[in-house]
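The values are calculated or read from the model by the stated rules, or taken from the named source; none is laboratory data. In this text, all values refer to a predicted model and were calculated from it rather than measured experimentally. So basically every Cβ, Gly included, is an ideal-geometry build from the backbone, and we count neighbours across all protein chains shown. Ligands, DNA and RNA are excluded from the accessible area calculation, which covers all protein heavy atoms including side chains. Shrake-Rupley method; radii C 1.70, N 1.55, O 1.52, S 1.80 Å.
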Amino acid sequence: MRRQEEQQLQAIQELSSKKDEFISVASHELKTPLTSAKAYLQIAERSASNSPQVAKFVSGALKQLDRLQKLTADLLDVSKINAGKLDYKMSELNFSELLQEAVSNFQSTISTHAIEIEQNQEALIECDWQRLEQVVNNLISNAVKYSPQANRVVVASSIIQNYLVVSVRDFGVGIPQNRIHLLFERFYRIEETAMHFQGMGLGLFIVSEILNRHKGRFWIESEEGKGSTFYFMLPVKGAQNVHEEIDTEYNYSNSHIAIAVDKDKDFLNVNWLGFQDNQSVRHGCLKMLDMLKKSGLRKVFNDNRNVLGTWSDAAEWVGKDWFPMMEAAGLTHFAWIYSKSTFSQLSADKSVDILQGKVVTRLFNNGKEGEDWLLKV
Ligand code: ADP
């Protein structure tokens with residue numbers, strides 16, 4: 001039986017790699033004729049200047065060719081990603097120049113929306129210019145596509161805690177909360193909107209791959225019917241991690257967390273601050289563990305209201321490894337106050353879903369309710 005399964009698995013893998021190879025060859029072969037057809041049409045466009053009717057048709061054909069080129073480029077990228085062959089040419093650059101150029105280039109191709117740069121922070125980033133421009137283009141192009149009733153898209157970048165945070169905001173159809181975490185998967189498209197908008201569901205998959213390779217992270221905030229904001233953040237080159245620590249028997253704080261032993265309320269009061277990554281979550285959690293042990297307290301008020309972005313890379317560790325350590329150290333009740341960030345909420349849900357043991361954990365939107373619960377139990 002086992003042998004049969006192995007054979008089946010091998011057959012599936014071979015078929016899948018043949019399919020990837022086919023996509024790769026086909027999209028590669030499509031590139032050359034498309035480029036020539038576009039060149040011919042561009043010449044025709046110039047020659048058709050005295051016939052508005054013909055010029056209109058030619059420009060229509062050129063637009064469709066652009067779409068076709070984008071689709072084949074996406075397919076080619078995906079086949080390269082699957083084969084681990086998407087190449088990156090890394091160099092140091094000022095991201096504000098990239099953003100400005102990407103927005104100007106994009107604006108020159110559309111008249112339906114104004115792409116506004118709200119803030120453009122200078123920041124040195126180690127990256128592949130073309131690939132990151134592709135990320136920005138993809139996000140702006142989605143923002144335009146999924147907001148047909150709106151006439152503007154707002155782009156911004158700023159530095160927060162040694163990271164450059166870039167956002168692309170639209171005022172369009174929005175995304176249902178229960179689908180938001182699936183968007184970066186290959187071929188994923190939201191059913192309700194898929195039939196109204198053309199696409200293959202590859203753009204965001206490629207975006208996530210490129211950002212991962214830049215040690216970046218991404219997340220989304222969205223409200224159905226009101227619009228979405230797509231964020232990504234990249235480490236800034238040469239930024240020093242200012243790590244001022246206060247570490248006493250009753251208090252601990254650094255730039256990511258503040259922990260206080262509250263003997264009156266009989267719980268550990270924990271306030272997470274700003275962006276978190278795998279390292280900051282682990283460090284903060286282990287500090288909590290240490291203080292729980294030393295103080296003899298059994299309850300934790302875990303406040304995420306000031307948390308921004310996503311910390312999904314640490315969520316599994318928190319649920320699987322850290323909670324059991326906390327339980328062994330005496331933890332009985334854990335009040336978890338949600339962040340406003342959807343992706344941070346999803347990470348908290350994930351940790352709670354996988355944790356086992358006897359600790360009673362409750363998630364709250366409201367800090368007061370969480371505190372009242374802890375005081376009662
Ligand atoms: P495509 O647009 O080709 O379908 P993407 O990978 O770029 O593929 O996006 C995946 C899905 O995510 C889209 O089909 C759409 O449902 C949703 N989506 C992406 N961007 C937005 C946006 N700005 N607003 C609403 N939904 C979006």
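So with the 1.4 Å probe, I'd like the accessible area per residue for the chain, rounded to whole Å².
That works out to 54 Å² for each residue.
Which order do you get for H28, H283, H214 if you rank them by accessible area with a 1.4 Å probe, largest at the top?
In descending accessible area the options line up as H28, H283, H214.
Rounded, prolate or oblate: pick one for the stretch 63-138, where a ≥ b ≥ c are the square roots of the eigenvalues of its C-alpha gyration tensor, a/c under 1.5 means rounded, and failing that, prolate if a/b is larger than b/c, else oblate.
Judged from the Cα gyration tensor, the stretch 63-138 comes out oblate (a/c at least 1.5, b/c at or above a/b).
For the stretch 46-63, just list the computed ³J(HN,Hα) in residue order, Karplus coefficients 6.51, -1.76 and 1.60, θ = phi - 60°, integers in Hz, with x standing in for Gly and Pro.
So the J values, rounded to whole Hz, are 5, 6, 8, 5, 8, 10, x, 4, 5, 4, 5, 5, 4, 5, x, 4, 4, 4.
Kindly identify the chain as rounded, prolate or oblate by the Cα gyration tensor criterion: order the square roots of the eigenvalues as a ≥ b ≥ c, call it rounded if a/c is under 1.5, otherwise compare a/b with b/c, prolate if a/b is larger, else oblate.
Prolate.
Sort K350, K320 by accessible area with a 1.4 Å probe, largest first.
So the residues, ranked largest to smallest area, are K320, K350.
Need the C-alpha centroid separation for the stretch 187-206 versus the stretch 17-48, integer Å.
23
Report the Cα centroid-to-centroid distance between the stretch 271-293 and the stretch 210-239 in angstrom, as an integer.
That distance is 22 Å.
Just need the relative contact order of the chain here, percent rounded to a whole number, with Cα pairs under 8 Å and 6+ apart.
10
Based on Cβ point charges of +1 for Lys and Arg and -1 for Asp and Glu, what charge dipole magnitude is obtained for the chain about its Cα centre, in debye rounded to the nearest 20?
680
Would you mind checking which residues have amide H under 5 Å from T310's amide H? H placed 1.01 Å from N; only 5 or more apart, or other chain.
So T310 has HN proximity to Q276.
Which value in nm describes the separation of the simple spin-label points at N306 and N162, placed 7 Å from the Cα toward the beta carbon?
Taking the simple label geometry, N306 and N162 are separated by 1.8 nm.
For the chain, give the percent of accessible area contributed by carbon and sulfur heavy atoms, probe 1.4 Å, rounded to a whole number.
In the chain, the share of accessible area belonging to carbon and sulfur is 52 percent.
Anything over 32 Å Cα to Cα? Flag those among K265/K340; K287/K368; K226/K265; K80/K340; K287/K358, in the order listed.
Too far apart for the 32 Å limit: K226/K265; K80/K340.
Relative contact order for the stretch 118-267: what percent, with Cα pairs under 8 Å and sequence separation of 6 or more? Intermediate results must be reported in sequence, preceding the final value.
On the way: 236 pairs, mean separation 36.9, N = 150.
Here the relative contact order equals 25 percent.
Taking θ as phi - 60°, what are the ³J(HN,Hα) couplings along the stretch 67-80 by the Karplus curve (6.51, -1.76, 1.60), each to the nearest whole Hz, with x for Gly and Pro?
In residue order, the calculated couplings are 4, 4, 4, 5, 4, 5, 5, 5, 4, 4, 4, 5, 5, 5 Hz.
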